[in-house]
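The values are calculated or read from the model by the stated rules, or taken from the named source; none is laboratory data. Just so you know, these numbers come straight off a predicted model, no measurement behind them. A quick note on method: Cβ atoms are made from the backbone with ideal geometry, for glycine too, and the neighbour counts reach across all protein chains shown.
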Amino acid sequence: MSVLVKGVEMPESCDTCFLSKWDTCNERFYCMFDDCPLVEIPVPHGRLIDAETKIEAQYYDEEHEEWTMQTFTVEDIISIADNEVPTVIEAEGTE
């Protein structure tokens, strides 16, 4: 799971990062993680999804009256259910 903290900017270096610790032996800051977990989200941004991801899903084919497996993109599924899916994080800089 991830957390978006509004108003927090990407630190310029580990020295100014809130996730770094001071190493008294080596007298330097170091990251508490092996790989930096921070990801910068550009502003303004739109929806925060990878809409081109393909998903295999069961689909009822009304013409043949049977269930089949079909490949959809995330965008296909969202367009079908767009009115029923609540927005978690609003897009910024768009109307």
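Looking at 65, 92 in this structure, which one is among the acidic types (Asp, Glu) and touching a residue at least 40 places away in the same chain (Cβ under 8 Å)? If you could, list the steps in order and put the result at the bottom.
Values: 65 fails: touching a residue at least 40 places away in the same chain (Cβ under 8 Å).
Going through 65, 92 in turn, the sole match is 92.
Condition check ((1) in a loop (DSSP other than H, G, I, E, B); (2) assigned by TED's automatic domain parsing to the domain that holds residue 79; (3) loosely packed, with under 11 Cβ neighbours inside 10 Å) across all residues:
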position	(1), (2), (3)
2	yes, no, yes
6	yes, no, yes
9	yes, no, yes
51	yes, yes, no
55	no, yes, no
58	no, yes, yes
Within the stretch 27-49, work out how many residues are exposed (fewer than 10 other Cβ atoms within 10 Å of the Cβ) and under 18 Å from the mean Cα position of the chain (by Cα). 6
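Can you tell me which residues in the stretch 17-26 are free of Cβ contacts under 8 Å to residues at least 12 places away in the same chain and either surrounded by 10 or more Cβ atoms within 10 Å (Cβ to Cβ) or not hydroxyl-bearing (Ser, Thr, Tyr) (or both)? Give the derivation first.
Of all residues in the stretch 17-26, those free of Cβ contacts under 8 Å to residues at least 12 places away in the same chain come to 18, 21-26.
18, 21, 22, 23, 25, 26 - these are the residues of the stretch 17-26 that are free of Cβ contacts under 8 Å to residues at least 12 places away in the same chain and either surrounded by 10 or more Cβ atoms within 10 Å (Cβ to Cβ) or not hydroxyl-bearing (Ser, Thr, Tyr) (or both).
Please verify whether the stretch 10-24 includes one or more residues that are on the phi > 0 side of the Ramachandran plot and not hydroxyl-bearing (Ser, Thr, Tyr).
Going through the stretch 10-24, the residues on the phi > 0 side of the Ramachandran plot turn out to be none.
No - not one qualifying residue is present in the stretch 10-24.
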Somewhere in the stretch 61-68, is a residue among the hydroxyl-bearing types (Ser, Thr, Tyr) and not assigned by TED's automatic domain parsing to the domain that holds residue 4? yes
